[in-house]
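Here is the structure we will look at.
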């Protein structure tokens, strides 16, 4: 997707994103973003909340509670055998 919109710098250097831009990248008020300067460009990246991603984000794998428990027990056994 490509979208170009002109906006102005406000008081205290605030940049207000037009609604079309916010909708296009799926951000809402209160979301966290990372700003990076590259030459004379500003790159804005969304910082997704890991909890939100886990509950409503796209799922890539599935794991059963029994598998989680088995992995947990394995890791606990490793820790008790070789304490740091």
Separation in nanometres of the label points that stand 7 Å from Cα toward Cβ, at residue 28 and residue 60 = 2.4 nm
Identified option (computed mean projected area of the Cα convex hull in nm²; candidates (i) 5.0; (ii) 10.6; (iii) 10.8) | (ii)
Once you put a point 7 Å from the Cα of residue 4 and another 7 Å from the Cα of residue 67, both along the Cβ direction, what distance in nm separates them?
-> 4.7 nm
Expressed in nm to one decimal, what extension gain is obtained for the pair residue 49 and residue 78 from 0.36 nm per residue of sequence separation less their Cα-Cα distance?
-> 7.4 nm
Among 26, 57, 39, which one shows the biggest mean-square fluctuation in a GNM of the chain, springs joining Cα atoms closer than 10 Å?
-> 39
Expressed as a rounded percentage, what relative contact order does the chain have, with Cα pairs under 8 Å and six or more residues apart?
-> 13 percent
Helix 65-81: angle to the longest alpha-carbon principal axis of the chain, degrees 0 to 90, nearest 10?
-> 70 degrees
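Read-outs throughout are calculated quantities, based only on the coordinates presented, and are distinct from any laboratory measurement. Given the structure is predicted, the values throughout are model-derived calculations rather than measurements. Positions of Cβ are backbone-derived with ideal geometry, glycine not excepted, and every protein chain shown enters the neighbour counts.
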